[in-house]
1. Tally time: how many residues in the stretch A:1-34 are in a helix (DSSP H, G or I) and farther than 19 Å from A:Met57 by Cβ?
2. Right, B:Leu82: in contact (Cβ under 8 Å) with a residue 60 or more places away in the chain, closer than 27 Å to B:Glu168 by Cβ and more than 10 Å from chain A (Cβ to nearest Cβ) or not?
3. Please go through (1) touching a helix residue (DSSP H, G or I) at 6+ places or on another chain (Cβ under 8 Å); (2) under 21 Å from B:Arg105 (Cα atoms) for B:Asp46 and return the number of the only condition it doesn't satisfy.
4. Give just the number: which of (1) part of a strand (DSSP E or B); (2) within 14 Å of chain A (Cβ to nearest Cβ) does B:Leu114 not satisfy?
5. Is it true that B:Asp39 is of a type outside the set (Gly, Ala, Ser), without any contact (Cβ under 8 Å) to a residue 60 or more places away in the chain, more than 9 Å from every other protein chain (Cβ to nearest Cβ) and in a helix (DSSP H, G or I)?
6. Of the conditions (1) surrounded by 14 or more Cβ atoms within 10 Å (Cβ to Cβ); (2) part of a helix (DSSP H, G or I); (3) modelled with pLDDT under 90, B:Glu22 satisfies every one except a single condition; which number is it?
7. Considering (1) part of a helix (DSSP H, G or I); (2) without any contact (Cβ under 8 Å) to a residue 12 or more places away in the chain, say which one B:Gly45 fails and leave the rest.
8. Residue check: is A:Ala20 in contact with a Ser or Thr (Cβ under 8 Å, 6 or more places away or on another chain), closer than 18 Å to A:Ile112 by Cβ and small (Gly, Ala, Ser)?
Amino acid sequence: MEDLKVLLVDDEVEFVSTLAERLRLRGIQTCIANDGEEAIRQISVDPPQIVVLDVMMPGMGGLKVLERIKADYPAIPVILLTGIGTTQDGMTGMRLGAFDYLMKPLQIEDLIERIEKAVSKGSGGAV
Amino acid sequence: MNASDSNKAAFMGRITAGVTHELKNVLAIIKESAGLMQDLLALSGDAQFPLREKFSKVLSNIGDQVVRGVDLASRLNTFSHLPDATSSGLDLNEVAGQVVFLSQRFARLKGISLNVQPHERSVIIVTDSLKIQMLLFQCVELLVNIVGTGATITLHPLQQRESEATVELSSTGNNETATNKALDLTALPEWIELQESALSLKARIEPGNPPVWFRITFGHAGG
């Protein structure tokens, strides 16, 4: 887990920074991006092993970001975060290549379990 | 509902859906913040944090209330999408559960509990989801004003025939006050007769004998 690098993407700054700190306390290297454009830029500069991506963001929405990641970095698994009323987006995201989706608020143990599964499935690893 | 009412309902639904989504984001931040405090607490020694037990209890309370808030927001979000829901198959067990949840506070203010006794299988009817919830809500409200404090009102969906489904409303616990009051079904509005022209679904309300106060039977006209 120490070598694992996760990129969290969410426009809710307080949410994403707190979640990042909790992951770091568990030994997971975590970077954050607050919008889709920033996420794409960070991935191009320093690809993470996994992306945790909010579906509903202003500007480039989560599903659009997912499409970009799957087109340019297909080996990076993506876990989507959905809210109420957007679970349909989670299922759409799965069809677009997302590894899984979780509904917010989430249990950190569930997120870590999904991250471990996604990475151990062999699709993790910087491209 | 006429077109104007439908537009108003759709507007209110849309706004409520947006607000409940934001509420859930707020709850997610509270949850993660409380979680981070729990993490930090776990990392600190007893000497550093003499009030550990008290803090743990308070953080646990915050977590419980977040769960409650998420449930409320989720139910309200589901409710807010009713005006734009097309007539589709509905499970009366789920509809009854949703109505009980939404009516819970009004009942609690009168010291009355609400619950659902679901049918063993799904009870599917095809009708307008908003209208049926309004109907059941009105029925629950009527009973809440009749039964006494301490009573429990139960909604019990049943599938009697393939073409007919029923919801029984009964009460237990304190019916003494209630039996002195007449069940006035005229208090219910006219649209209680669900007239879906395309679906020909009707709701027939029949008074029963306490503890079963009345039955609402959903069936196709002529069926």
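The values are calculated or read from the model by the stated rules, or taken from the named source; none is laboratory data. Only a predicted model underlies this, so the values are computations on that prediction, with no experimental measurement involved. All Cβ positions, even for glycine, are placed from backbone atoms using ideal geometry, and neighbour counts span all protein chains on display.
1. Adding up the residues that qualify gives 5.
2. Spelling it out, B:Leu82 is indeed in contact (Cβ under 8 Å) with a residue 60 or more places away in the chain, closer than 27 Å to B:Glu168 by Cβ and more than 10 Å from chain A (Cβ to nearest Cβ).
3. The failed condition is (2).
4. All conditions are met except number (2).
5. No: the conditions fail for B:Asp39.
6. It fails just one condition, (1).
7. All conditions pass for B:Gly45, except number (1).
8. Answer is yes for this residue.
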